[in-house]
Each structure stands twice: as C-alpha cells, then as structure tokens.
Amino acid sequence: MDTLKIVVDTREQSPWAFPPEAATTRRGTLRAGDYSLEGDDLFSIERKSLDDFLGTISSGWERFERELERMADYPAKVIIVEGTLLEVLHGNHNHPNLKFGFVVKRVARLTLDGVSVLFAGNNVMAAGLAWGILYERSQDLEKKNGTDQGDSRADQSGESLDVPQGRHEV
C-alpha cells in the first residue's frame, strides 16, 4: 500500500487519524482547507462536522465564500461533512431554525459552483473518504509529473480502491 504524506492544517483541533501503513501526517499551515498532500499547494479537503457545516452555510456564508475564493485555482473543491442529510431532515443537529430545503438549496448552489459536498456519516467514514480522495490526487500528480508507477489496487476493469479501515481515532 502506498503511504500518503498528509499535511493537517494547524487550526484543525481534532485531526483524523489514519492507519500508519496508509498515511503519515504532519501539522502545517494550509492556504485553504484542512487536509492536503505534502507539496501540493493546489488541492485540499475541507472537513466539517454536521453542525459546523450547517452554521457555515447559514450565518457563516460570507466568510465561507471567502474561503472558497482561496480555492479558486484548485482542480477540485471538496468538503467532507461528518453527518448525513437524514440527520438534517430529522433535525438531529443544533440549528433548529434551518429547514431541510434551505440546506438542499445551499448544497445545490455549492455543487453548481464546482464544490463537492460529501456527506460521510461519521468521522471514520470521513477519514476513509478523505484518504481515498487524497490517494487519487496523488495518482494524478504522479501521472502529471511522469512518475506514475501504476495502481496496484485498482485496474482498468474498475475494481475498487482498497481504502484502509480501522484504527481511526478522533
């Protein structure tokens, strides 16, 4: 398994833990987002708890738009939410005045603006999803830099990526 070198933003209070065979992490200051690959200044992942995401798309919208502007030259903009839309629908969050339709409208706006909002359910699933995205980004960078060694875990037939599991802590 390729071990990713992940930079975790210094403002991240409780970073995801990745299995040591899957990734090493170090703290650093990122221009935007919370997780990036070592040496990659053009891509990062923004991590949000469900409550943080809901606050961000409502009362924190203007500040969040500025954060997204810092990602303008990124090939992809990714937000991973540690929660589900079902939790939003059922009101399992700390924003009782937010309606489900409002959340859907903001997610739709973000999507149309090129921002992928991925609801991962919980921090373990979110960390696994982030690892998978960062792994694919590392493959893209290797191809771009002419150092592609091939992907031993996913072939042309579309087999899935062997995402590391377990030992994720918060």
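The values are calculated or read from the model by the stated rules, or taken from the named source; none is laboratory data. Note that the coordinates shown come from a computational prediction; the quantities given were computed from them, not determined experimentally. Note: ideal-geometry Cβ built from the backbone for every residue, glycine included; neighbour counts use all protein chains shown. These area figures cover heavy atoms from the full protein model, side chains too; ligands, DNA and RNA do not enter into them. Shrake-Rupley method; radii C 1.70, N 1.55, O 1.52, S 1.80 Å.
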Mind checking which residues of the range 1-14 are open to solvent by 10 Å² or more (accessible area, probe 1.4 Å) and over 20 Å from residue 140 (Cα atoms)? 10, 11, 12, 13, 14
What is the number of the single condition among (1) among the hydroxyl-bearing types (Ser, Thr, Tyr); (2) surrounded by 13 or more Cβ atoms within 10 Å (Cβ to Cβ); (3) farther than 19 Å from residue 21 by Cβ that residue 111 does not meet? (2)
Residues satisfying the stated conditions in the range 11-27, i.e. farther than 15 Å from residue 46 by Cβ, touching a strand residue (DSSP E or B) at 6+ places or on another chain (Cβ under 9 Å) and not basic (Lys, Arg): 17, 18, 22, 23, 24, 25
Hits in the range 1-53 (condition: within 25 Å of residue 110 (Cα to Cα), hydroxyl-bearing (Ser, Thr, Tyr) and more than 12 Å from the chain's Cα centre (by Cα)): 29
Check every one of the strands (runs of 3 or more DSSP E) wholly within the range 15-108 and list those with 2 or more residues that are open to solvent by less than 40 Å² (accessible area, probe 1.4 Å) and either modelled with pLDDT under 95 or over 17 Å from residue 4 (Cα atoms) (or both). 45-49, 77-82
Quick check: is even one residue across the range 118-125 open to solvent by less than 50 Å² (accessible area, probe 1.4 Å), farther than 21 Å from residue 39 by Cβ and either at pLDDT below 95 or out of contact with any helix residue (DSSP H, G or I) (no Cβ under 7 Å at 6 or more places or on another chain) (or both)? yes
For residue 168, only one of the following conditions fails: (1) modelled with pLDDT of 50 or more; (2) part of a loop (DSSP other than H, G, I, E, B); (3) buried (at least 18 other Cβ atoms within 10 Å of the Cβ). What is its number? (1)
